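For reference, the structure is listed below as structure tokens.
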Amino acid sequence: MIDYNKDIYGDYEKDIKNYIEKYKPEQYEKIIEKDTRTNIVNIFSEMRTNIIKWYPFEPNKKILEIGANYGEITQELVKITPEVTSVEFTKEKIECIQKRIKENIKLILCENLKQLNLPEKYDYIIIIGTGEYAKKLGFKNLKEMLEWSYMQLSEEGKMLVAIDNKFGVKYLAGSTRNNKEVPFANYKNYIEKDYKMYGKTELENMLKQFPKYKFYYPVPNYNLTNMIYTDEYLPKRSRYNIYYREDEEILFNETDFMEYAIKNSKFDFFTNSYLIEISKTNTSDVWYVNFSNMRKKQYKIITKITSEKVTKEAYGEDGKKHIENIQKNIEKLEQLGYTTCEKFQDGKILSQYINKPTMDEYLAQLLEQDKKEEFIQELDKWYKQLKEGFIDLVFQNVFYDGSEYIVFDQEWYEKNAPIEQIMYRSIKSLFFQHNYLENKIDVNELYKRFNIQDKIERFEKQENKLQDQIVDSQILKFYSEKWNAMTSIEDIKMKYQKQLEQAYLQNQQLYNEKEKILEENKRLENEIKVLKNSRFYKWTKFLRRKNNG
């Protein structure tokens with residue numbers, strides 16, 4: 001049996017099997033608490049399911065999963081419907097799925113997918129990370145694999161295909177698909193590969209034959225998705241968590257590169273991977289999804305934006321109380337006279353989609369236009385609106401275009417938190433999101449104006465305390481380790497320059513030692529020469545002959 005992912009998980013396969021044997025699914029957190037290797041986290045983290053967790057599946061439909069791997073996506077599919085059929089290509093992985101998934105699912109062991117005769121049609125077909133290996137599964141290429149899969153759909157069926165982008169920024173920065181591959185192998189035709197990757201234009205050419213299709217852009221990729229964008233809702237800034245394998249040397253900062261790509265309208269070309277929805281009818285109306293990956297379970301939410309509404313819901317059962325607390329904050333603010341756009345309904349926070357700038361965007365624009373006085377006036381005006389305790393009344397959580405304030409995302413309330421603290425959070429966040437504004441105005445001038453300057457240390461302690469309460473330390477550690485391990489061309493150049501300097505130093509030391517030896521050898525030769533010319537040496541010549549004889 002072939003293993004199309006052997007190149008990715010080969011070195012980890014034994015550990016993955018042992019973990020699945022030893023731990024129950026509800027205990028997988030314990031695995032990644034002690035083993036934060038990227039390929040282990042990819043298999044056992046709940047974030048792995050983010051790529052489909054948001055999708056508006058209709059309940060109780062038939063789902064076919066092509067390439068179940070170790071069951072990491074399967075575990076989410078069985079929550080949607082009892083009718084899940086998963087195809088996998090090795091006996092070992094089938095056994096792992098059987099141990100991991102307790103629900104009753106159909107498992108098919110198959111080596112050549114093209115020759116597989118399925119007994120029924122499916123409402124959804126899920127292909128996550130398998131399309132790159134179409135040739136190993138019996139097809140000429142990905143196009144033929146998509147055509148075959150499409151034939152397995154019911155009359156109103158849909159396909160979800162997640163695939164890496166050939167021109168993804170991580171590959172340009174030196175990332176590889178496995179720890180055996182050399183950097184940039186993806187672009188070297190002379191290197192034999194058992195996978196094939198495609199750019200967006202190539203994929204679009206394949207998709208033209210289907211009635212409906214839509215691109216989604218998961219960042220940083222489809223493995224541990226942080227956010228999902230679409231052509232209807234593209235990023236304005238590069239803000240997401242990145243990570244790489246421990247063995248990789250990355251040549252530049254991915255998010256810095258993507259900042260320029262976004263400014264030049266090339267985000268979709270360089271994003272790391274794609275999720276493609278292929279449908280016989282209509283594609284989903286979802287524009288944008290955000291997963292609060294860094295938070296503890298009780299605070300995790302999923303935010304979805306469509307053309308008409310914004311929905312916030314608990315990531316899991318643990319987060320439902322937090323949604324209720326948001327509802328209470330909304331009600332308090334309305335009682336205080338604030339205009340809000342959100343309401344609580346069916347266990348979710350709902351609002352209409354508002355196409356207005358947020359207040360931080362409005363303020364940034366004023367400074368960009370050198371309207372400093374107007375900028376200060378707006379800050380003064382907002383400062384008078386603030387109420388103690390509502391620490392989420394920051395500029396990013398207010399729609400404002402110079403007329404009416406509309407507040408949203410009011411997740412946190414700290415009793416007795418002074419308005420100076422709220423203003424500090426707002427100003428600090430403004431300059432973090434728009435760091436170029438530091439050249440337009442002195443932030444300390446603003447702190448002084450709002451009586452903040454002498455309280456910053458206290459406010460920072462309170463902020464750190466809040467973050468400790470919210471942020472999952474294990475996930476933070478995972479991303480921090482990956483970020484700190486990132487190198488750059490400058491780092492590599494400096495590294496080899498130091499090695500070269502050390503080599504030159506060692507060479508000089510060896511040369512000096514050689515010169516000393518040569519000098520010592522010359523001195524000894526001179527001494528021998530003097531000795532041979534001495535009378536004593538000549539007089540004792542007969543004795544030496546006698547001893548030699």
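Taken together, the values in this text are just the output of simple stated rules run on the coordinates, not laboratory data. This is a predicted model, so every value here is computed, not measured. Using ideal geometry, Cβ is built from the backbone for each residue, glycine included, and neighbour counts are taken over all protein chains shown.
Observations
- When the chain is described by a simple charge dipole with +1 on each Lys and Arg Cβ and -1 on each Asp and Glu Cβ, the residue from Ile406, Gln377, Phe291 located farthest towards its positive end is Phe291.
- Global geometry of the stretch 6-289, whether rounded, prolate or oblate, following the gyration tensor of its Cα atoms and the 1.5 cut on a/c: rounded
- Segment Lys514-Lys140, length gained on full extension (0.36 nm per residue, minus Cα span): 128.2 nm
- Where trypsin sites (Lys or Arg not before Pro) fall in DSSP loop in the stretch 249-295, at most 14 other Cβ within 10 Å: Lys266
- Using Cβ point charges alone (K and R +1, D and E -1), the dipole size of the chain about the Cα centre works out to roughly 3040 debye.
- P(r) for the stretch 356-478, from all Cα pairs and a bin width of 10 Å, is 12, 44, 34, 10, 1 %, short bins first.
- Flagged links, alpha-carbon separation over 32 Å, of Lys34/Lys140; Lys24/Lys348; Lys102/Lys309; Lys158/Lys300: Lys34/Lys140; Lys102/Lys309
- Helix-only [θ]222 nm of the chain, DSSP H runs n ≥ 4, -39500 (n - 2.57) each, per residue, nearest 500: -12500 deg cm²/dmol
- Packing rank of 87-98, 510-521, 360-371, where each peptide gets the mean count of other beta carbons within 10 Å, highest leading: 87-98, 360-371, 510-521
- Dipole moment magnitude, nearest 20 debye, the stretch 356-478 about Cα centre, only Lys, Arg, Asp, Glu C-beta charged: 320
- Degrees, to the nearest 10: 372-383 long Cα axis against longest axis of the chain: 60
- Cα-Cα over 26 Å, subset of Lys170/Lys200; Lys170/Lys193; Lys30/Lys196; Lys17/Lys143; Lys79/Lys266; Lys14/Lys91: Lys30/Lys196; Lys17/Lys143; Lys79/Lys266
- Crossing angle, helix 13-22 versus the chain [Cα axis fit, 0-90 degrees, rounded to tens]: 50
- Descending principal axes extents, the chain, alpha-carbon based, whole Å: 122, 73, 45
- The chain: antiparallel DSSP beta bridges as a percent of all, rounded to 5: 70
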